[in-house]
1. Counting other Cβ atoms within 10 Å, which trypsin sites (Lys or Arg not before Pro) in the range 143-249 have at most 16 and lie in a DSSP loop?
2. How about the range 76-150: which GluC sites (Glu not before Pro) there are in a DSSP loop, with at most 15 other Cβ atoms within 10 Å of their Cβ?
3. Would you mind calculating the gained length between Met1 and Glu85 on full extension (0.36 nm times residue separation, minus the Cα-Cα distance), in nm to one decimal?
4. Gain in length, Glu97 to Val274, computed as 0.36 nm per residue apart minus the alpha-carbon separation, to one decimal in nm?
5. Just to be sure I understand the model, the point goes 7 Å from the Cα along the line to the Cβ. What's the resulting Asp212 to Ala104 distance in nm?
6. Given +1 on the Cβ of Lys and Arg, -1 on the Cβ of Asp and Glu, and no further charges, what dipole in debye does the range 44-135 carry about its Cα centre, rounded to the nearest 20?
7. Taking a probe of 1.4 Å, how large is the accessible area per residue of the chain, in Å²?
8. Can you compute the label reach from His185? Point 7 Å from Cα along the Cβ direction, backbone N cut-off under 16 Å, restricted to the range 257-274.
Amino acid sequence: MKLLVTGGAGYVGSVCAAVLLEQGHEVVVVDDLSTGNADAVPAGAQFVEADMVEVAPDLLGAGAFDGVLHFAAKSLVGESVAEPEKYWRGNVVKTLELLEAMRAAGTPRLVFSSTAATYGEPESVPITEEAPTRPTNAYGATKLAIDHAITSYATAHGLAATSLRYFNVAGAYAGFGERHATETHLIPLVLQVATGRRPEILVFGTDWPTPDGTCIRDYIHVRDLADAHLLALQTSKPGEHRIYNLGNGTGFSVREVIASCERITGGPIAARDVERRAGDPAVLIASSDKAVTELGWKPQHTTIDEIVADAWEFTRSRF
Ligand code: UFG
């Protein structure tokens with residue numbers, strides 16, 4: 001297929017673009033490099049450095065694309081609370097423009113990067129797609145708003161659409177990994193301690209209602225996530241908007257993640273217990289049963305050590 005990948009210079013977008021190319025697809029990446037890196041665009045992809053809204057109408061109109069994988073987004077939870085306008089414009093307004101460009105060009109398929117943050121604080125775990133969507137920050141709210149817009153476009157205009165609600169994406173693949181200028185995610189931060197770029201990892205809260213008192217999250221390997229995107233492209237149907245949660249179905253606590261990083265890096269990691277971080281739910285674990293059943297998705301890298309090992313290999317190769 002010929003595919004437009006927005007945000008293909010970012011973490012998840014670059015890995016997915018690499019896997020699409022490996023599978024023989026033609027890939028055009030559009031990324032304004034506001035948070036991405038030009039050298040994260042995989043070799044073999046055509047790269048257009050631009051705001052997707054400015055170039056999507058011409059690109060899609062001229063190019064006979066079979067689909068769009070839409071990764072480009074603002075994705076810092078804390079920033080979204082402090083500066084929601086950036087998220088409503090950057091995520092919702094821009095995606096509506098993209099949807100219009102796709103409609104005008106007759107682009108048939110869309111795979112959208114949604115998030116577990118659309119659910120907010122869960123009533124029960126594992127979280128299924130039927131769980132109530134009550135986002136607790138503007139990031140999750142904007143992703144949920146986009147999911148609703150996509151549903152109406154699918155129903156009214158025949159788009160074959162899939163939203164993938166990622167839980168905690170981690171790991172690396174084919175030399176592409178997580179390297180945000182503003183890093184907030186646990187695994188890359190712990191690995192920065194291992195490389196000496198950071199003196200210690202702060203453990204946000206040790207009095208949560210969990211076995212060791214630290215928060216539990218569902219870490220999913222970015223390579224497995226990429227597989228789900230390919231399956232979504234292959235199985236989506238015109239006029240349908242399908243939504244799938246993507247996680248491992250297993251949770252690991254902050255302390256378990258740190259212990260895994262110590263095993264993989266072979267040394268102790270300095271950690272300091274501090275207050276809870278505002279807005280963190282105690283436990284987030286996905287039910288991915290729907291993706292397994294309907295997409296035929298089979299995550300391959302499900303242990304925390306495999307995920308951390310790949311993240312570590314990437315970190316060591318760069319820093
Ligand atoms: N944590 C620490 N210390 C740190 C960083 C994180 O203890 O320095 C803890 C957090 O409190 C949390 C866990 O590690 O309990 C994981 O935190 P991350 O920031 O790595 O990930 P989140 O679970 O907060 O965020 C993820 C995605 C978001 C998404 C959110 C909710 O990265 O995009 O889940 O679904 F919005």
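The values are calculated or read from the model by the stated rules, or taken from the named source; none is laboratory data. Every value quoted in this text rests on a predicted model; they were computed, and no experiment measured them. Virtual Cβ from ideal backbone geometry, glycine too; neighbours counted across all protein chains shown. Quick note on the areas: whole protein, heavy atoms, side chains included, nothing else; ligands and nucleic acids left out. Shrake-Rupley method; radii C 1.70, N 1.55, O 1.52, S 1.80 Å.
1. Of the trypsin sites (Lys or Arg not before Pro), the ones in loops of the range 143-249 whose Cβ has at most 16 other Cβ atoms within 10 Å are Arg197.
2. Numbers: sites: Glu79, Glu85, Glu97, Glu100, Glu123, Glu129, Glu130; in loops: Glu123, Glu129, Glu130.
Taking the range 76-150 and a limit of 15 other Cβ atoms within 10 Å, the loop GluC sites (Glu not before Pro) found are Glu123, Glu130.
3. Computed gain between Met1 and Glu85 is 26.7 nm.
4. Full extension of this stretch gives 59.5 nm more.
5. Rounded to a tenth, the inter-label distance reads 5.3 nm.
6. Result for the range 44-135 is approximately 80 debye, rounded to the nearest 20.
7. 42 Å²
8. Flagged as within label range: 257-258, 261.
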